[in-house]
Amino acid sequence: MQYPVFVFIHLCSAKTMKNMKQSRFILFVLSFLVMSVGNVYAQNVTVTGTVLDSTGEPVIGANVKVAGKSSIGTITDFEGNFSLSVPADTKKLEISYIGMLSQEAVIKPGTPVKVILKEDTEELDEVVVIGYGTVKKRDLTGSMTSIKQADIIAVPTTNALESLQGKVAGLDMTKSSGQTGSGLSFSIRGNRSLNASNVPLIIVDGVPYGTDIDINPNVIESMEILKDASSTAIYGSRGANGVILITTKKGAVGKTKVSYNGYYSINSVAAYPDRMNLSEWADFKREAYRTDGQWGGPEDDAKIFGSAYDAVKSNQNVDWVDMLMQTGSQMSHSVNISNGTEKTTFNLAFEYMSEDGLVKMDDMDRYNATLSLSHKLTDNLKLNANVVYTYLDQNIRRDPFNRSIYYAPYGHVYKDGSINVLPFNDGQTISPIAEEVPGAYKNNRLTSHLVGNVGATWNIIKDLTLTSTFGFDKKDIRTGHFADTYTLDGAGNYSLADATNHSDVNWSWENTLAYSFTLGKHNLSLMAGNALYKNVAEEYKGAGHNLISSTMLFYNLGGLQDSQQISSSYVQTTMASFFGRINYKFNEKYLMTVTLRQDGSSVLAKDHQWGVFPSVALAWRMNEENFLKNVEQLSNLKLRLSYGISGNSAVSALFHQPMKHHIHHFLNNLL
């Protein structure tokens, strides 16, 4: 849950920033707010109003903001009404809604604002991305949703896919946890498999990307979500769960443009189960023993409370959940540079993003660089390249809440000024904050992710275009984990350490030949292509117990004395595809799309490696008929009928069994 930054002013002196640069930035913002907030609130007035569409129906969720000040705004309720506190000198409001023309409304003191939004008919001529091509939005025959950049960056997120929440019909999305950088669990139109993956296929600038989107949201131009079988069949055995197409910004001809986008926000827990305090816990325990005949009065307290008696007597209350919680924060700085001539255009962007979680030792830093380059060699031959690089440094805290929620609300949290790892003096119950002892725990993940493509587009003759694209995706992840003996992971038994190096390399080569022509009222577009894909995944892991020295953390696994283990794995998969599509339009009213794809995948059984995935979709633009053409309330009325078959090859490959063997102790040898 995010709040305006000025509610966090009182925390600045208490919260230690990561570095002096960040501290100066926050102090500058807060100092400015301290000087200005009082004046703004002292002179604010409340403006109310209603937003309707052209038929008189309320527009739910329309954006209402002060013209020229995007930071002051609200949205309309279920009745289309809004109430907004604005500076007294505000003259105009700006009202906008997806699919409708934005409008400005003049504020008249004492008079509610009434706005009627009209449909944006030009939006229907907007070009949207589909599989291996583009099409006008009005000519779509399949089910898809297009989200533009303004909606993507409207809400600060670490994962750009979170911007789709509430904007795409049929998309179910939840965060896997409250951990910083936690992944998303999402599906389009429900689950389709019991054993295989149900995650949609994600493609960035033509390259399959995986499920963790670590791209700077500010460089995304649009996201198209393909939902039904007719629109996803062009992706064959990978399209059953839906497809998300991400297009990044490209350069444009003109003067150099430099833009900056930054924000700072805070996060807190919206709700958490109520816990008993010490007094309530003691009364509950007395009642339990009373019903069993073991407690008759205060004289029996020492017997039933045992080692907790002194804490109960002195009301030494401890809220373990509260001891763990902190106010989280998130900060991002993004710079975008674009320029271009008639021959060459480019777009270059850099981003730094950091996040502190709701518990200590849960944080991450992300560095991102994006480059898009296009060069016209001749009048009919163009080269292009797109590169996205992301480096992620993430510290992960073991979930302590499953322990703290049922711990008794007492204990000696600190001892001699340091964290007491055994707060109940029973010699076995580990403190939920034991990981916060310096040097006792570290779980660090470093991710290096390089994605890109290079390609050429050749206009052979008029309306005949050949495109060839070579894509690559290399992702390296190093995970290191150390837990000392008296931590939740060590459980008082032994220290443990492990390190994992995982590498994923994906290659793709796609070629398409497209031809289109118009003859009278007939418009025909043809596309045929083939693709080759290869994936290689390697993993190496070492682990064990009882590290000679805790200062080694996970950097010297040769110092492990017991239960040493080494494991490794190697998986290689390949796929070959042939595909084609026919788009036909007659008289701007009647539309037909036919697609066919054949995939051969190495992950499937020998006699079942090839599959064919056809689809057909029909559409009738009814508002273009004479009997509906003059109905002003209809901007676009389309009847669609589609059928298609798509597949799911996201199953485990037949790979070499990992080999395991014990290793001897080698001091100072790095694994």
Return the pairs, sorted by first residue and then second, in which the second residue is in a helix (DSSP H, G or I) and open to solvent by 60 Å² or more (accessible area, probe 1.4 Å), the first residue lies in segment 267-279 and is under 30 Å from S314 (Cα atoms), the beta carbons are less than 7 Å apart, and the residues are 6+ apart or on different chains. M276/F284
Filter segment 201-226 down to the residues that are modelled with pLDDT under 80 and of a type outside the set (D, E, K, R), then identify the one that is most open to solvent (accessible area, probe 1.4 Å). T211
When you go through N546, N530, N506, N523 one by one, which is the residue that is polar (S, T, N, Q), in a strand (DSSP E or B), open to solvent by 40 Å² or more (accessible area, probe 1.4 Å) and within 30 Å of W620 (Cα to Cα)? N523
Among (1) at pLDDT 85 or above; (2) within 27 Å of A531 (Cα to Cα); (3) not basic (K, R) - the single one N198 does not satisfy: (1)
Pair list, Cβ < 8 Å and 6+ apart or interchain, from segment 342-353 residues that are in contact (Cβ under 8 Å) with a residue 12 or more places away in the chain to residues that are outside any strand (DSSP E or B) and open to solvent by 50 Å² or more (accessible area, probe 1.4 Å): E342/V253; T345/K250; T345/A252; T345/V253; N347/K250
Positions within segment 415-442 being under 22 Å from D363 (Cα atoms) and without any contact (Cβ under 8 Å) to a residue 60 or more places away in the chain, in sequence order: I419, S431, A434, V437, P438
Could you list all residues from segment 227-248 that are open to solvent by 40 Å² or more (accessible area, probe 1.4 Å) and in a loop (DSSP other than H, G, I, E, B)? none
Any residue in segment 509-532 that's farther than 29 Å from I203 by Cα and touching a residue at least 40 places away in the same chain (Cβ under 8 Å): show its pairings with residues that are of a type in the set (S, T, Y) and open to solvent by less than 80 Å² (accessible area, probe 1.4 Å) at Cβ separation under 9 Å, as long as the two are six or more apart or on different chains. H522/Y584
Go over the candidates A497, A440 one by one and state the one that is out of contact with any Leu (no Cβ under 6 Å at 6 or more places or on another chain), open to solvent by less than 40 Å² (accessible area, probe 1.4 Å), within 30 Å of I566 (Cα to Cα) and among the small types (G, A, S). A440
Name the single residue that is most open to solvent (accessible area, probe 1.4 Å) among those in segment 587-632 being touching a strand residue (DSSP E or B) at 6+ places or on another chain (Cβ under 9 Å) and over 26 Å from S525 (Cβ atoms). W610
Can you tell me which residue is nearest to the chain's Cα centre (by Cα) among those in segment 142-176 that are over 18 Å from R189 (Cα atoms) and either polar (S, T, N, Q) or open to solvent by less than 20 Å² (accessible area, probe 1.4 Å) (or both)? N159
Can you name the residue in segment 308-339 that is part of a strand (DSSP E or B) and in contact with a Ser or Thr (Cβ under 6 Å, 6 or more places away or on another chain) and, of all such residues, is most open to solvent (accessible area, probe 1.4 Å)? N339
How many residues does segment 79-101 hold that are farther than 29 Å from L634 by Cα and assigned to a loop (DSSP other than H, G, I, E, B)? 4
Within segment 416-456, which residues are assigned to a strand (DSSP E or B) and either within 30 Å of K249 (Cβ to Cβ) or modelled with pLDDT under 90 (or both)? R445, L446, T447, S448, H449, L450, V451, G452, N453, V454, G455, A456
So, in segment 468-503, of the ones that are out of contact with any helix residue (DSSP H, G or I) (no Cβ under 7 Å at 6 or more places or on another chain) and outside any strand (DSSP E or B), which residue ends up nearest to S577 (Cα to Cα)? D489
Name the residues in segment 352-366 that are open to solvent by 10 Å² or more (accessible area, probe 1.4 Å), in a strand (DSSP E or B) and either touching a helix residue (DSSP H, G or I) at 6+ places or on another chain (Cβ under 9 Å) or polar (S, T, N, Q) (or both), would you? V359
Test T574 against the stated conditions and say whether it is within 16 Å of H481 (Cα to Cα) and open to solvent by 30 Å² or more (accessible area, probe 1.4 Å). no
Of those in segment 470-494 that are among the acidic types (D, E) and touching a Ser or Thr at 6+ places or on another chain (Cβ under 7 Å), the residue surrounded by the most Cβ atoms within 10 Å (Cβ to Cβ) is D484
List the pairs whose first member sits in segment 129-140 and is more than 13 Å from E224 (Cα to Cα) and touching a residue at least 24 places away in the same chain (Cβ under 8 Å), whose second member is open to solvent by less than 30 Å² (accessible area, probe 1.4 Å) and part of a helix (DSSP H, G or I), and whose Cβ atoms are under 7 Å apart, counting only residues at least 6 apart or on separate chains? R138/L124
From the residues in segment 178-190 that are free of Cβ contacts under 8 Å to residues at least 40 places away in the same chain, out of contact with any Asp or Glu (no Cβ under 7 Å at 6 or more places or on another chain) and part of a loop (DSSP other than H, G, I, E, B), which one is surrounded by the most Cβ atoms within 10 Å (Cβ to Cβ)? S182
Specify which of the listed residues (A282, A288, A302) is surrounded by fewer than 14 Cβ atoms within 10 Å (Cβ to Cβ), in contact with a helix residue (DSSP H, G or I) (Cβ under 7 Å, 6 or more places away or on another chain) and not basic (K, R). A302
Please pick out the residue among F586, F627 that is among the aromatic types (F, W, Y) and touching a residue at least 60 places away in the same chain (Cβ under 8 Å). F586
For K65, the lone unmet condition from (1) assigned to a helix (DSSP H, G or I); (2) modelled with pLDDT of 50 or more is (1)
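The values are calculated or read from the model by the stated rules, or taken from the named source; none is laboratory data. Note that the structure is a prediction, hence the values are computed from the model and not measured. Neighbour counts are summed over all protein chains in view; Cβ atoms, including those assigned to glycine, are modelled from backbone coordinates with ideal geometry. Areas reflect the complete protein model, heavy atoms only, side chains present, ligands, DNA and RNA absent. Shrake-Rupley method; radii C 1.70, N 1.55, O 1.52, S 1.80 Å.
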